[in-house]
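Values quoted throughout were computed directly from the atomic coordinates according to the rules given, and no laboratory measurement underlies them. As the structure is a computational prediction, the values presented were derived from the model and not from experiment. Note that each Cβ is placed from the backbone with ideal geometry, even for glycine, and that neighbours are counted across all protein chains shown.
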Amino acid sequence: MQGCENPQIDPLPRRALQVCYRAGAASALLAEPGTLALLGFGVSTPASTDPRCLQVALETFDAPAPLELWQVNAPVSCGRDGALCWSAGGGWLFAAIELDEREHGGPTATARLAYEQLHRFVAMREARHVLRVWNYLGAINHGEGDAERYKHFCDGRAAGMGDFFAEGFPAATAIGHHGDGRRLQVYLLASDQPGMRVENPRQVSAWRYPRQYGRTPPSFARAMLLPAQDVLAISGTAAVVGHASAHQDDLNAQLEETLLNLEALLASAGMATGFDGQSPLKIYVRHGADAARVRAFVQRRLPGVPTLLLHGDICRRELLVEIDGWRYA
Ligand code: 3EB
């Protein structure tokens, strides 16, 4: 982890959501005012039963494993609703669900159920505008062609969404974890005001991908400008140009292409170029053996940016790396 500079110094504006990586004990971070969510990575982080805590099933290459902290400038309430955990405050909502495919009949039915339950819950809340979703599933590339598990996930996700996103999809990430292969984790950020979707002019919008990538095109926007705040929530971004994967087997070229895509997104959102100490990024690396090269790239090309390196499979087999995160104006 590269450091998150003292995010506590300036008081948060009233509507703000602050995301950063922090070292330290989960209990202390949960006790800070305005903590909406606390995400741990891998098996090494102590689990907590607080509904605001989620243990993400991706191992990190960073030691000690940092925590991702979401904070708002308002009192926070939280609870559980069936398999779902949630917290809310200041017009923001965090909701998470974890399901075991063995109990729900495979990846399609499980993704469908996860999205139906999230959709049902969010629809009852004031914060009903889903801005950003993260999806972590096991063995994402297992199965050939249309039988690949990611394709089944895309089917179930679209079915579970129903017409809830008729006005446009949220920003998203979908990554394969190396934990218990039947465990699906989905968590989201919603708000009481809509955000603004941003697409990447260098890329075909994912929901318009041609048939060769699957029966059901992936249901996500490339990025989302958060409401009432100059913050861009950036979807999983990889070396996809047009609709094709670029630079097969070339890690550095994929990383450079991914940076070009990230810069194109910033431009498309009307933001200045570059990332800085306020803009935490996650970098998903397919092969553990590539982690050192990815870290060297990040130090050279994204100096001073808080980054978290995670071991995860990208939904197209030829893609070695993917980046998502936040850009604060
Ligand atoms: C891509 O550009 C890479 O299925 O939710 C990126 C972000 C990708 C989100 C998803 C997939 C998803 O198509 C893959």
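Quick rundown of the values:
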{"item": "GluC sites (Glu not before Pro) restricted to segment 109-172 and DSSP loop, no more than 16 other C-beta within 10 Å", "result": "E126, E144, E167"}
{"item": "Stretch gain in nm, segment R215-A47, where the contour uses 0.36 nm per residue and the Cα spacing is subtracted", "result": "56.7 nm"}
{"item": "FRET efficiency for D81 and A147, using Cβ-Cβ distance with R0 set to 30 Å, rounded to 0.05", "result": "0.35"}
{"item": "Vicinal HN-Hα couplings computed from phi for segment 149-163 (Karplus, 6.51 cos²θ - 1.76 cosθ + 1.60; Hz; Gly/Pro x)", "result": "4, 4, 5, 5, 4, 4, 4, x, 4, 4, 5, x, 5, x, 9"}
{"item": "Contour excess over end-to-end distance, with Cα ends at A63 and D276 and 0.36 nm allotted per residue", "result": "74.5 nm"}
{"item": "Cα-Cα separations in the chain greater than 30 Å, expressed as whole percent", "result": "27"}
{"item": "Other-chain or far-sequence residues with amide H under 5 Å of V76's (modelled H)", "result": "G34"}
